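Engineer: Below is the structure I would like to discuss, written out as structure tokens.
Readers should treat all values here as calculations from the given coordinates under stated rules, not as data from a laboratory. As the structure is a computational prediction, the values presented were derived from the model and not from experiment. For neighbour counting, all protein chains shown are included, and Cβ atoms are generated from backbone atoms with ideal geometry for every residue, glycine included.
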Amino acid sequence: MAIALIDCLHFYVSCERLFRPDLNGQPVVVLSNNDGCAVALSAEARALGLERGSAWFFHRHLRQVRLFSSNYVLYGDISARLMRFVAARVPNIEVYSIDEAFVTLPPTADPLTFIEALRLDIQQAIGIPVRIGLGSTKTQAKCACALIKSERPPNHCYVLGRDRALSQELRQVPVTAIWGIGPAAGRKLHATGVVNAAELAALDERWVLRNLTITGYRIQQELRGIAAIGMERAHALRQHVSCSRGFSRPISSLAELAEAVSSYAEVAIEKLRRHRLEATEILVYIATDPFRPAQRKYYNQARHALPGASSSLLVIIPICMQLLQSIYRSGYAYKKAGVLLLKLHPATHHQHELFTDHERDERLMAALDTIQQRFGRRRIFMASSGIPARRQWQTRAALRSPRFTTCWQELPEVF
DNA sequence: TCTGGGGTCCTAGGACCC
DNA sequence: TCTGGGGTCCTAGGACCC
């Protein structure tokens with residue numbers, strides 16, 4: 001069975017260009033949270049020698065680059081549109097990330113004709129450029145996309161094994177460019193003289209199992225065309241939700257840390273409720289800046305098991321505050337904090353406990369959800385989270401574009 | 001003076017049991 | 001000098017992904 005991977009080109013940049021055609025042909029960079037490092041680059045920005053993941057601080061002098069803070073609300077909405085559009089045109093889709101999806105093809109379709117047409121339809125209807133690679137497994141589809149990146153066919157599509165022998169094509173894919181082979185596995189493979197995907201496919205299976213574990217073995221099978229990574233993730237229940245952020249400036253007081261942890265917990269709980277899940281364990285951590293070796297370092301975390309599953313602010317936030325107090329030490333310059341909600345269960349399967357008033361909490365939370373939906377997120381918030389406008393530690397996003405598609409006040413204007 | 005955030009999966013090793 | 005063997009469950013941490 002053939003599997004195609006639809007991969008958006010520098011997706012965040014493409015989203016920004018959607019409402020700003022003047023950015024076409026310009027070097028565009030989208031920055032991570034806190035405007036820290038480059039996470040998406042246009043081809044023109046790459047041509048300037050910039051790389052994904054590099055700290056923007058080092059490139060401040062490049063005044064010609066058009067810079068944006070990440071606008072997750074916009075990107076999420078465009079992604080959802082694109083995925084809906086694709087889902088209506090294929091028998092099966094697995095949304096793999098905000099900018100990638102695996103799909104199976106209709107049985108009658110000629111593969112290349114089909115993906116070429118799909119690519120043009122997406123460009124036309126959604127306005128986002130994509131590349132589409134096709135192979136007999138997910139890993140092969142990934143390799144096909146890697147070949148599009150390196151060989152740049154004009155149609156931005158590639159069907160593995162169509163024009164050349166598979167092994168010849170895989171020879172063009174560096175082993176470190178294979179999906180699932182990271183730096184550690186790459187070093188092991190290089191040490192035995194394996195540098196491309198064809199060589200990994202031909203390697204002794206026992207060696208692969210011993211040195212790259214079951215993960216590497218699956219990749220090898222997939223390269224050979226034997227499916228080992230199923231199309232099933234779409235249904236998988238998530239294991240945990242979290243919210244963690246670096247502060248715009250270091251903070252050392254417990255009061256300010258408490259505001260941050262409380263507001264991060266609010267965000268995590270919002271995600272939890274959106275997925276209709278409940279948590280039974282909570283973890284809070286705080287950390288100093290790992291990039292300042294001169295400073296005193298501190299990292300600590302604490303966790304707490306709830307008596308029953310919950311997605312209530314009134315249950316979870318007080319526990320977060322207790323956990324924070326238990327790990328807080330004065331005299332450190334903290335740079336980051338995080339809240340993780342673990343051991344999740346569907347809210348529909350709630351087990352009732354004797355000593356908590358779950359029904360009352362649920363009624364209150366449902367009312368809060370309604371208010372947030374009607375009047376906007378963060379219109380009401382826990383007092384423990386502090387007044388948003390006064391948060392000195394608030395994550396930076398100084399260069400964020402308008403939320404063109406999801407916020408009435410920020411709709412694009414046409415003159 | 002800067003270096004993100006949110007996930008998943010796998011393995012090793014400790015605790016515990018019979 | 002020797003002091004079992006086999007199993008499960010859980011957690012921390014590494015590796016990897018976008």
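Engineer: Excluding A:C157 itself, calculate the net charge of residues whose Cβ lies under 9 Å from the Cβ of A:C157, where each Lys or Arg counts +1 and each Asp or Glu counts -1.
Structural biologist: Result for the neighbourhood of A:C157: +1.
Engineer: Let me ask you something else. Which helices count as membrane-span-like in chain A under these terms: full DSSP H, at least 24 Å along the axis by C-alpha, Kyte-Doolittle mean of 0.0 or more?
Structural biologist: Those that clear 24 Å and a mean of 0.0 are A:254-274.
Engineer: Could I ask something else about it? Viscosity 1.567 mPa s, temperature 4 °C: Stokes-Einstein D of chain A from its Kirkwood Cα radius, in µm² per second?
Structural biologist: Here the translational diffusion coefficient equals 53 µm²/s.
Engineer: Now a separate question. When the helix-only estimate is applied to chain A (DSSP H runs of n ≥ 4, each -39,500 (n - 2.57), divided by the residue count), what is the mean residue ellipticity at 222 nm, nearest 500 deg cm²/dmol?
Structural biologist: -11500 deg cm²/dmol
Engineer: Further question: Using alpha carbon centroids, what distance separates the stretch A:172-236 and the stretch A:352-411, in Å?
Structural biologist: 43
Engineer: How much length is gained if the chain between A:A125 and A:L411 is pulled fully straight, taking 0.36 nm per residue apart and subtracting their Cα-Cα distance, in nm to one decimal?
Structural biologist: Net length gain for the segment: 101.0 nm.
Engineer: For the stretch A:255-319, what's the relative contact order in percent, using C-alpha pairs closer than 8 Å and at least 6 residues apart?
Structural biologist: Reported as a whole number, the value is 37 percent.
Engineer: Looking at chain A, how many pairs of lysines come closer than 23 Å at the Cα, when each pair is eight or more places apart or spans two chains?
Structural biologist: 6
Engineer: Also, I was wondering about something else. When only DSSP loop residues count, what trypsin sites (Lys or Arg not before Pro) in the stretch A:314-415 have their Cβ near at most 14 other Cβ atoms within 10 Å?
Structural biologist: Sparse-neighbourhood loop trypsin sites (Lys or Arg not before Pro): A:R329, A:R377, A:R378, A:R379.
Engineer: Separate question: Calculated FRET efficiency, A:D357 and A:Q295, Cβ-Cβ r, R0 45 Å, to nearest 0.05?
Structural biologist: Result of the calculation: an efficiency of 0.50.
Engineer: Roughly how big is chain A's charge dipole about its Cα centre, with Cβ charges of +1 (Lys, Arg) and -1 (Asp, Glu), in debye to the nearest 20?
Structural biologist: 1060
Engineer: Could you go through the stretch A:334-348 in sequence order and give the Karplus-derived ³J(HN,Hα) for each residue, using 6.51 cos²θ - 1.76 cosθ + 1.60 with θ = phi - 60°, rounded to whole Hz, and x for Gly and Pro?
Structural biologist: 7, 10, 8, 8, x, 10, 10, 10, 10, 6, 8, 9, x, 5, 5
Engineer: Fully extended, how many nm does the chain gain between A:R249 and A:F57 (0.36 nm per residue separation, minus their Cα-Cα distance)?
Structural biologist: Computed gain between A:R249 and A:F57 is 67.6 nm.
Engineer: Percent relative contact order of the stretch A:132-172, based on C-alpha pairs within less than 8 angstrom and at least six residues apart?
Structural biologist: 39
Engineer: Right, here's the next one. Can you work out the Karplus-derived ³J(HN,Hα) for every residue in the stretch A:276-287? Use 6.51 cos²θ - 1.76 cosθ + 1.60 with θ = phi - 60°, whole Hz, and x for glycine or proline.
Structural biologist: 6, 10, 10, 9, 10, 9, 10, 10, 10, 9, 9, 8
Engineer: Relative contact order for the stretch A:267-404 using alpha-carbon pairs under 8 Å, separation at least 6, rounded to a whole percent?
Structural biologist: Contact order relative to length: 28 percent.
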